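Report on one structure; see the data block that follows.
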Amino acid sequence: MPLSAVFLLAALAGAEPPSVSLQTSPRGEEIRATEGLTHVVLEVRDGVGAPVRDASLAYVLRAPTRSRWISTDVPVVEGTELLRGREQLSNGRVSFDYRFPLRGTYLLTVAVTPEEGAAVNRVFAVRVGERSGEARNLAVLLVGLLGLGLAFGVLFARAARARRVPRATFLGVLLLLAAASPARAHDTLQVRAPGRALARDASGTVQASLEVGGPVRVGVAAPVRGTLVELATGRPVPDVLWEIAVLDEEHGDSIFRSVFQTREGSFVRHHQFTDGAPHRVVLRARPAPGGARSFSPVEVGLPVRVQAIQPPTPVVVRTLALLVGVAGLGLVLGVIISARSGREAA
Amino acid sequence: VLHFIGGSTVDQTSQPRLTHRHAHAGRTLHLGLLMQMLAFTAIVAVVLYTALFSTYPPVHDALHELRHSLYLIPCH
């Protein structure tokens, strides 16, 4: 390539802002909530299509906003921040694996800050479908409630015509159920204070630290800090390749996984634990390719117990009213049907 | 005028008492049905709340996966 062409391409690359693209695997329309990890890749290219290296990329992933009428199964998470991180671009890309916790449209906000030039901001929408079979399960429940109401409506109307109304029995059952109702029960899921774990490499020269800050509860992204220091001096180790993984120990599922590089030997990112269950964060550190410091790989794990949060009362009331309303509708229909058939028989 | 009710014969003087008894029976029928419908609805509400919405640990833990598989039941 002639030298003038090289200069021209370099000038073009410098003149145009970098472009950011998003790819997911599986593709957007095939992603299902809580069904395995989705591989997310953010790619940054300059004006001539070459990967951008000297830049940092910050991203924030927000959960879908709450629907007015129908909630998801984790309404506390809706509209909240799920992930937040800043990484040095490696070969012009940042990637992570994530298990999306609920259906809806997520917003992934990306800000690329080159070492030279203006920052670029992009917002991507990632649409995630509901788990397969959930709509069918709901339909079965609603049809069942409607059928139950219908059957009792017919039964009550017939019994009433025959003046065999065991009212006292119904009231007794109602009082019994009300007395046995666990409405005053409280959530007994245990909350463990934020923790910190340490581990050294095989040679005992470097020490990794993993810390999850509080409050570790559903609905709030908790800070996750990792550092790797020289034991002799206490200084951060430069050029570290990190691998962080979040596991849900109750279900044995992998929630998040990311491999990234730092120059300073430490990082802070935010992760929301969306299930009030025991989790485990595992951090591995090894020398980055071409890094100045050599050390043995080191791994540190930290158990994290997540505080569950009760769903908002309006959401509970609305959903319960919907279900009871369906049963009530069936009941009224049953009475009407029975009354009509009774009139026709008379 | 004679009225034949249930195979027996009564004279006109018993008419007011008979009418009152029929009216009372009609009101009892109406209220009984309404009470049953209200009781049924309340029982359904209590059972659904207990099974699908309460945080009572034995019930919550036993039905946790079911709650998460019903599309719209809010959990933690």
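Considering only region A:41-63, I want to know if a residue exists there that is in contact (Cβ under 8 Å) with a residue 24 or more places away in the chain, closer than 30 Å to A:Ala321 by Cα and not polar (S, T, N, Q). It would help to see each step written out before you state the result.
Pass one, region A:41-63, residues in contact (Cβ under 8 Å) with a residue 24 or more places away in the chain: A:41-48, A:50-63.
In the following step, the residues that additionally are closer than 30 Å to A:Ala321 by Cα were identified as A:62-63.
From what is left, the residues that are not polar (S, T, N, Q) are A:62-63.
There is at least one residue in region A:41-63 that is in contact (Cβ under 8 Å) with a residue 24 or more places away in the chain, closer than 30 Å to A:Ala321 by Cα and not polar (S, T, N, Q).
Scanning region A:24-42 for residues that are within 20 Å of A:Tyr59 (Cα to Cα) and hydroxyl-bearing (Ser, Thr, Tyr) yields A:Thr24, A:Ser25, A:Thr38.
Out of all the residues in region A:159-176, is one or more facing chain B (nearest Cβ under 9 Å), outside any helix (DSSP H, G or I), modelled with pLDDT of 90 or more and more than 28 Å from A:Val298 (Cβ to Cβ)? So far as region A:159-176 goes, no, none of its residues is facing chain B (nearest Cβ under 9 Å), outside any helix (DSSP H, G or I), modelled with pLDDT of 90 or more and more than 28 Å from A:Val298 (Cβ to Cβ).
Condition (residue is crowded, with 17+ Cβ neighbours inside 10 Å, in contact with a Leu (Cβ under 7 Å, 6 or more places away or on another chain) and free of Cβ contacts under 8 Å to residues at least 12 places away in the same chain) applied to region A:136-156: is it met by at least one residue? The answer is yes, given that some residue of region A:136-156 is crowded, with 17+ Cβ neighbours inside 10 Å, in contact with a Leu (Cβ under 7 Å, 6 or more places away or on another chain) and free of Cβ contacts under 8 Å to residues at least 12 places away in the same chain. Contact map, region A:9-24: residues that are closer than 30 Å to A:Asp97 by Cα paired with residues that are modelled with pLDDT of 70 or more and basic (Lys, Arg), Cβ distance under 7 Å, separation 6+ or inter-chain. Pairs shown: A:Pro18/A:Arg45; A:Ser19/A:Arg45; A:Val20/A:Arg122.
Of the residues A:Leu102, A:Leu107, only one is without any contact (Cβ under 8 Å) to a residue 60 or more places away in the chain and under 18 Å from the mean Cα position of the chain (by Cα); which? Step through it out loud before you land on a result.
Values: A:Leu102 fails: without any contact (Cβ under 8 Å) to a residue 60 or more places away in the chain.
Within the list A:Leu102, A:Leu107, the selection yields A:Leu107.
Select, from A:Val304, A:Val282, A:Val268, A:Val240, the only residue that is in contact with a Pro (Cβ under 8 Å, 6 or more places away or on another chain), surrounded by fewer than 20 Cβ atoms within 10 Å (Cβ to Cβ) and not charged (D, E, K, R).
Details: A:Val304 fails: surrounded by fewer than 20 Cβ atoms within 10 Å (Cβ to Cβ); A:Val282 fails: in contact with a Pro (Cβ under 8 Å, 6 or more places away or on another chain); A:Val240 fails: surrounded by fewer than 20 Cβ atoms within 10 Å (Cβ to Cβ).
Within the list A:Val304, A:Val282, A:Val268, A:Val240, the selection yields A:Val268.
Report whether or not A:Pro311 is touching a strand residue (DSSP E or B) at 6+ places or on another chain (Cβ under 9 Å), under 20 Å from A:Val218 (Cα atoms) and surrounded by 13 or more Cβ atoms within 10 Å (Cβ to Cβ). Let's see the steps before the verdict.
On the way: touching a strand residue (DSSP E or B) at 6+ places or on another chain (Cβ under 9 Å): no; under 20 Å from A:Val218 (Cα atoms): yes; surrounded by 13 or more Cβ atoms within 10 Å (Cβ to Cβ): yes.
No.
Among the numbered criteria (1) assigned to a strand (DSSP E or B); (2) at pLDDT below 95; (3) touching a Phe, Trp or Tyr at 6+ places or on another chain (Cβ under 9 Å), which single criterion is violated by A:Ser203? With respect to (1) assigned to a strand (DSSP E or B); (2) at pLDDT below 95; (3) touching a Phe, Trp or Tyr at 6+ places or on another chain (Cβ under 9 Å), A:Ser203 is out only on (1). Within the option set A:Pro297, A:Pro314, A:Pro303, A:Pro287, being under 20 Å from A:Ala199 (Cα atoms) and without any contact (Cβ under 8 Å) to a residue 60 or more places away in the chain holds for one residue only, A:Pro287.
Any idea how many residues of region B:52-76 are of a type in the set (A, V, I, L, M), in a helix (DSSP H, G or I) and within 7 Å of chain A (Cβ to nearest Cβ)?
We begin by selecting, within region B:52-76, every residue of a type in the set (A, V, I, L, M); these are B:52, B:59, B:62-63, B:66, B:70, B:72-73.
Going one step further and asking which of them are in a helix (DSSP H, G or I), we end up with B:52, B:59, B:62, B:66.
Checking the rest, the ones that are also within 7 Å of chain A (Cβ to nearest Cβ) come to B:59.
Of the residues in that region, 1 qualify.
Take A:Arg32 and decide whether it is modelled with pLDDT under 90 and closer than 27 Å to A:Leu82 by Cα. No. Within this structure, A:Ser341 passes the test of being polar (S, T, N, Q) and touching a helix residue (DSSP H, G or I) at 6+ places or on another chain (Cβ under 9 Å).
The values are calculated or read from the model by the stated rules, or taken from the named source; none is laboratory data. These figures come from a predicted structure and were not determined experimentally. In this analysis, Cβ positions are derived from the backbone assuming ideal geometry, glycine residues included, and neighbour counts consider all displayed protein chains.
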